[in-house]
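First up is the structure itself, then whatever we jot down about it.
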Amino acid sequence: MDIKLETVNAQKSIAYVNGEIDAFTAPKLREQLNNIKLTESIQIELDFHDVVYMDSTGLGVIVAFYKNVISAGGDVKLIGLSPRLYRLFNITGLSDIMNIEEEGKATTNHEGI
Amino acid sequence: MKEFDYFEMRIPAKPQYVGVVRLTISGLANRIGFSYDDIEDLKIASSEAITNAIQHAYEEDDDGEVVVGCALYKEKIEIMVADYGYSFDFKEVKKRVGPYHEEEDVQFIREGGLGLYLIETLMDEVKVLNDNGVTVLMTKYVAREQVTDNVEKITL
């Protein structure tokens, strides 16, 4: 698991997460997300394009981060989720609460015939 | 012929080994023909159970161990995860696991939280034994038809 932080401007940052998020790596993710300086009206995008595995340990970290940003007055958007990853947010009901964008649904339809 | 092929892993109760067991289970599931999506479900469910067990085992003892047993049948996989570090007689423990009851297994439910919910959602059957430690037995069937007895069959 690794995370790269890109500061787009004073109001917007993108965090590119990659690898596996599980009991071992989730604490590292939490630590690195906590390094993001939260300001009022900050817009943070978490990019999940390169996340190949995630379970409830990762969900826990994302939810905590989400709460922190919202309570600071900012906003979080989750982008680039694979259908598998999106499903995880969906079955746990988190997709109803959070702003989540599934990876290019219209263009990358590899599944089915 | 034996009813199933049995694998057992005894691992230190440390989070860095969850991924190793996950990879192994993914390989075993592949051997009996699970689909890509079902293997992904198995990876999450088993990781949730192992993560819970590791947290329990570690609370008890810094050198705690967790045992993961996998029984491979032709049409299903049974995964047993125990938060006490000694091997078990798979068939014997299997007789003793049962459905869990929220009132009785409060601690297990609370600590399991979202993880337990995911196990229930992603596996076909989940049973628990709460006796000198927690044992979780979860089953997933290769072909969906086998678990949908009450669903109308499609005739081709």
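Tabulated data
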item: Test result for B:E92, modelled with pLDDT under 80, over 19 Å from B:I32 (Cα atoms) and away from chain A (no Cβ under 14 Å); result: no
item: Matching residues in segment A:1-43 - criterion: being more than 14 Å from every other protein chain (Cβ to nearest Cβ) and closer than 20 Å to B:R22 by Cα; result: A:D2, A:N18
item: Contacts under 6 angstrom Cβ, first residue in segment A:79-104 being within 14 Å of another protein chain (Cβ to nearest Cβ) and surrounded by 17 or more Cβ atoms within 10 Å (Cβ to Cβ), partner assigned to a loop (DSSP other than H, G, I, E, B) and of a type in the set (D, E), 6 or more apart; result: A:L81/A:E103; A:S82/A:E103
item: Sole exception among (1) within 14 Å of chain A (Cβ to nearest Cβ); (2) modelled with pLDDT of 85 or more; (3) touching a helix residue (DSSP H, G or I) at 6+ places or on another chain (Cβ under 6 Å) for B:Y117, by number; result: (3)
item: Residue list for segment B:3-37, restricted to those being of a type in the set (D, E) and closer than 10 Å to B:V68 by Cβ; result: B:E8
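Per-residue answers, yes or no, for (1) away from chain A (no Cβ under 14 Å); (2) under 13 Å from the mean Cα position of the chain (by Cα); (3) within 23 Å of A:S82 (Cβ to Cβ); (4) free of Cβ contacts under 8 Å to residues at least 12 places away in the same chain:
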site: B:D5; (1), (2), (3), (4): yes, no, no, no
site: B:R10; (1), (2), (3), (4): yes, no, no, no
site: B:R22; (1), (2), (3), (4): no, yes, yes, no
site: B:S26; (1), (2), (3), (4): no, yes, yes, no
site: B:I44; (1), (2), (3), (4): no, yes, yes, no
site: B:V67; (1), (2), (3), (4): yes, yes, no, no
site: B:K76; (1), (2), (3), (4): yes, yes, no, no
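Residues are listed down the side, and each one gets a yes or a no for (1) surrounded by 18 or more Cβ atoms within 10 Å (Cβ to Cβ); (2) modelled with pLDDT of 95 or more:
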site: A:V8; (1), (2): no, no
site: A:A15; (1), (2): yes, yes
site: A:K28; (1), (2): no, yes
site: A:K37; (1), (2): no, no
site: A:D47; (1), (2): yes, yes
site: A:D50; (1), (2): no, yes
site: A:A64; (1), (2): no, no
site: A:K67; (1), (2): no, no
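The values are calculated or read from the model by the stated rules, or taken from the named source; none is laboratory data. All of these numbers come straight from a predicted model, not from anything done at the bench. Cβ atoms come from the backbone with ideal geometry, glycine included; neighbour counts cover every protein chain shown.
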